[in-house]
Amino acid sequence: MQTILWFILLISLLVFIHELGHFIFAKRAGMLVREFAIGFGPKLVSWFKGETLYSIRILPLGGYVRVAGEDPEVFELKTGSHLVLDRDEEGRVVRIRAPQPSREGSTLPMEPEYGEIDDPTGSDLPGHLPPVTSSIGGKLLEADLEDQLFIRLEDENGLDTRYRIHPQALIQYDEKNISQIAPLNRQYGSKTILQRGLFIAAGPVFNFFLAVVLLAGLTLATGIGTKVTVKDTVPGSPAEKAGLKPGDTVREVEGNKVKEFNDISVPLQEARGDEVTLKVERANQLFETQIEPEKRNNQFIIGIQMEQERRKATISEASIAGFTKTYDLAVIMGRGISRLVTGQVGMESLAGPVGIADITGKAADAGWLNLVHLAALLSLNLGIINILPFPALDGGRLTFLILEALRGRPIDPNKEGVVHFVGFALLMMLMMVVTYNDIVRVFFKG
C-alpha cells in the first residue's frame, strides 16, 4: 500500500505539472478551459471555479485539459422547444433553461412557458456571471451561440423578440447537466498557430522545467561532487582484473572528467558491454586501464564500490547543475529511444505503470533523495515522450500544426482525428505489452 501511495502521489505530481502548462497557456490565449482533470475515468472529487471544472478521477495514469473547440461544440436547442431565459439587469441572457434533450420533460421549473416570471431563480449562478434580475419564457425560433450571440423567442401572442446573450452564458438542461457557451473567439480553432503551438508544447516544457528544478534542488541539498574514489572491488570482477584497487581515484572515463557517480555509471551503460578506458590516479600518479563491463540484471557493471567527495553548492551553481544534468539525461534518454526504434534494445528495457510503481517503492525505501531523483527522471521522460511526433501525443499535434503552417490551411479535422485515434490505439497496445512484461518481471522473476 505504501508503494501504491507513493506511486500515485508521484505520477499525480508529474501529470499536474504537465497539465498546468497546458492550462496556463490556454488561459493566456483566451481559450475557454472546460475541465482540468487529473486521472481518467469516473470523478472522485470535482468542483467548479470560475469557468472551469476541476476534477480528480479514479485512474491516476494521466490527465487532460479540455478546451472549447478541440471537439465540435454541440448544444441541443431544438427549434420550437420551450425555453426559459434568465437575464441580467442589462437584458442579456445569462442562462438558458431548456428541456432535457434525451427525454421528455425536465427537472427544472419551466412554467410559465410565456411571459415574465416575477420570482426568477438564478442565485446559484457562478460568481463570474451577473445576477439574474428577470426571466422570460417562449418558443425557440432561432439561436446563434457562437458568432452573433443572440436568441429569438416567440411569446404567447406570437411576438418575435430577439435577446442578446452574455458571452459566458450557461445552458442548463437539469440540475447536473450544465454547459457554458463558447463564442468563436474563445475556441481552440480561432487562435493563431503560435498560440495553439504554445498551448500544446507547454505541457512537455513544464515537465522539462520540473526536472531542472528538482535536479537543482538535489544539487543544493547534496552539494557538488569533486572526485570519486574506489572504496573496494569485487573479487573476480572486471575492475579487479583491470588492476583497480581501493583508494584509487577515477579521473576520467572515455576522456570525460569524473566528479559524480553518474560520470562513471552512465558511460558504462552507454558502452553496452564494449571496452571502456579509465584514467585513474594512484599515489599522485596517473595511468590508463581498459575495462570490459559485464551485464547483470540488465545493467552493465565493473564491480566496484565508490566513495564520493562533495562540497557545498551555491544557488547559482545548483541552478546551472540543474540545467546541465537535465540536458545530459535528455541526451541519454534520446539515445535510448533511438536504440529502441532501431531494435538495438528490446521491449524488456521499457517500464509501464507496474514497473514504475515497483521502482518508486524501492526509491522511497532508499530515502527521499532517491525519490526526488526518480521524480526528475520520470518528469523528463514524460516530457520527452510527449514531444515525440507520434499521433495522439503532444508532438503529434504539433506536427499537424506545422503542416497547417506550411499548407496555409488546416488539415481536415476528421482525418486528423482518425490519425490520432490510430495512434492512441497503438499506444494502448504498447502499454498492454509493457505492463505484461512488468508483471512477469516484478512478480514472477523476483
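Quick notes on this structure:
- Checked against the criteria, R95 counts as under 35 Å from the mean Cα position of the chain (by Cα), modelled with pLDDT of 75 or more and part of a strand (DSSP E or B).
- Any hit, the stretch 236-258, residues being open to solvent by 40 Å² or more (accessible area, probe 1.4 Å), within 23 Å of L374 (Cβ to Cβ) and not in a loop (DSSP other than H, G, I, E, B): no
- Per-region count, the stretch 169-188, residues open to solvent by 40 Å² or more (accessible area, probe 1.4 Å) and modelled with pLDDT of 90 or more: 3
- Test: residue in the stretch 6-19 that is of a type in the set (S, T, Y) and out of contact with any Phe, Trp or Tyr (no Cβ under 8 Å at 6 or more places or on another chain): yes
- Restricting attention to the stretch 4-33, the residues that are surrounded by fewer than 19 Cβ atoms within 10 Å (Cβ to Cβ) and within 27 Å of L198 (Cβ to Cβ) add up to 9.
- Helices (runs of 4 or more DSSP H) (entirely within the stretch 355-446) containing at least 2 residues that are surrounded by 13 or more Cβ atoms within 10 Å (Cβ to Cβ), polar (S, T, N, Q) and in contact (Cβ under 8 Å) with a residue 12 or more places away in the chain: 368-387, 413-439
- Members of the stretch 206-225 found to be surrounded by fewer than 18 Cβ atoms within 10 Å (Cβ to Cβ) and touching a Leu at 6+ places or on another chain (Cβ under 9 Å), listed by number: A221, T222
- The residue that is farthest from the chain's Cα centre (by Cα), among those in the stretch 303-323 that are assigned to a helix (DSSP H, G or I) and surrounded by 14 or more Cβ atoms within 10 Å (Cβ to Cβ), is E317.
- Long-range neighbours under 8 Å by Cβ, at least six apart or interchain, first residue at positive phi within the stretch 25-54, second of a type in the set (V, I, T) and crowded, with 19+ Cβ neighbours inside 10 Å: G39/V15
- Cβ-Cβ under 7 Å pairs, at least 6 apart or on other chains, the stretch 268-290 side within 18 Å of K231 (Cα to Cα), far side among the polar types (S, T, N, Q) and at pLDDT 85 or above: L278/T289; V280/T249; V280/T289; E281/T249
The values are calculated or read from the model by the stated rules, or taken from the named source; none is laboratory data. Bear in mind the structure is a predicted one, so any value in this text is a computation, not a measurement. Backbone-built Cβ (ideal geometry, glycine too); neighbour counts: all protein chains shown. When the accessible area is computed, the model is the full protein with side chains, heavy atoms only, and any ligands, DNA or RNA have been set aside. Shrake-Rupley method; radii C 1.70, N 1.55, O 1.52, S 1.80 Å.
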